[in-house]
Amino acid sequence: MSDPVLDLLNSKGLSFTISGRDYLIKCLNPDHDDSNPSFRVDKVSGIAHCFSCGYKTNIFKYFGIFTNQIPLKIAKLKEKIQELKRMSTGLAELPGSVPYTRSHRGISVETLKYFGAFFTTQVDKMEDRIIFPIKSITGKTEVYVGRHVLSNGNPRYLNYPGGVQIPLFPASVPRGSRSMVLVEGLFDMLNLYDKGLDNAVACFGTNTLQKDMKQKLMPYRAQGVTKVFIMFDGDEAGRKASSFLKPLIEEEGFEVEIISLDDGDDPGVLDQENVSSIVEYVK
């Protein structure tokens with residue numbers, strides 16, 4: 001893999017040593033006689049700082065080289081994610097948690113187990129719900145989302161704790177995937193995954209996605225995703241929401257395509273034949 005910072009140092013004949021995540025070289029400040037090199041250059045971004053004289057710059061800018069900063073920012077974000085993973089613990093497991101061991105709404109036990117489905121009778125208002133830990137890209141459980149097991153259960157969905165910003169879920173797509181299929185509901189994603197579409201991501205509704213959209217989409221960009229397929233319910237509300245989100249997601253640098261479902265269809269009830277055809281289309 002190319003290392004733009006290292007390549008630049010070598011091309012300029014600059015001697016360096018490695019110190020953690022930095023290259024250590026003589027200060028580039030012409031007014032500083034740096035006999036004991038104290039000029040640290042970040043290996044990824046090229047941002048540099050002399051801890052002796054205080055001089056700051058970016059070595060690409062210093063040498064008049066203008067680079068595409070997006071790969072550098074992505075690499076830096078990946079480093080940050082790994083650091084956060086090491087530090088993160090997230091919400092504690094809910095008391096009385098018991099793994100969910102039955103299929104539900106036609107979704108296999110294996111899929112429900114993969115996404116951590118469980119139930120509990122020891123948390124107020126979360127009884128009679130199939131519950132999922134919603135995790136961020138760092139592996140931190142941000143919130144628990146519970147769907148009532150009864151079709152007429154009210155409210156259908158309940159989050160614990162309340163008032164928490166929900167990330168897109170799942171937080172990662174399969175390695176090497178360049179696209180993701182954005183759906184509204186958790187069970188939309190589960191149904192698609194269960195039938196072989198493994199790059200579906202739930203946004204938990206248009207309003208939820210709009211909040212901190214850039215932050216929510218950036219982890220997928222860091223994983224190499226360049227295209228987003230929007231697949232919402234095949235009704236007027238779903239079509240309006242898709243059209244509303246398309247330009248907003250495009251502003252974040254993604255190619256966006258809307259997959260329109262037939263009237264009355266939604267991703268959570270599509271059968272195997274329909275899902276298989278979508279898999280072929282989006283791959």
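Every number in this text was worked out from the coordinates using simple rules, so none of it is lab data. For clarity, every value in this text was computed on a predicted model and none was experimentally measured. Note that each Cβ is placed from the backbone with ideal geometry, even for glycine, and that neighbours are counted across all protein chains shown.
Brief remarks on what is shown
- The chain: relative contact order as a whole-number percent, Cα under 8 Å and 6+ apart: 11
- Charge dipole (the chain, unit charges on Cβ, about Cα centre) - positive-most of 15, 59, 219: 15
- Dipole size of the chain about its Cα centre, with +1 on Lys/Arg Cβ and -1 on Asp/Glu Cβ: approximately 1040 debye, rounded to the nearest 20.
- Mean separation of Cα contacts under 8 Å (6+ apart) over length of the stretch 4-67, as relative contact order %: 22
- Compactness relative to 2.2 N^0.38 Å, alpha carbon Rg of the stretch 170-268: 0.98
- The percentage of C-alpha pairs in the stretch 152-205 whose separation is greater than 14 Å is 58%.
- Over the chain: Rg over Rh, Cα atoms, Kirkwood Rh: 1.09
- Counting Cα-Cα pairs of the stretch 4-67 in 5 Å increments starting at 0 gives whole-percent bin shares of 4, 20, 33, 28, 13, 2, 0.
- Taking the DSSP bridge list for the chain and keeping only pairs wholly inside it, about 70 percent are antiparallel.
- Out-of-range pairs (alpha-carbon distance over 21 Å; input 113/140; 43/80; 113/214; 113/211): 113/214; 113/211
- By average C-beta atoms within 10 angstrom, highest first, the peptides 135-141, 33-39: 135-141, 33-39
- Think of the chain as having a plus end and a minus end, set by charges on the Cβ of Lys, Arg, Asp and Glu; of 119, 27, 94, 27 sits farthest toward the positive end of this dipole.
- Residue (of 172, 131, 162) at the positive-pole extreme of the stretch 119-183, dipole from beta-carbon charges: 172
- Only Lys, Arg, Asp and Glu carry charge here, each on its Cβ (+1 for the first two, -1 for the last two); on that basis the stretch 4-67 has a dipole of about 160 debye about its Cα centre.
- By the helix-only formula, in which each DSSP H run with n ≥ 4 contributes -39500 (n - 2.57) and the sum is divided by residues, the chain has a 222 nm mean residue ellipticity of -9000 deg cm²/dmol.
- Alpha-carbon centroid distance for the pair the stretch 1-52 / the stretch 98-164, whole angstrom: 50
- This model, with +1 at the C-beta of Lys and Arg and -1 at the C-beta of Asp and Glu, gives the stretch 106-231 a dipole about its Cα centre of some 460 debye.
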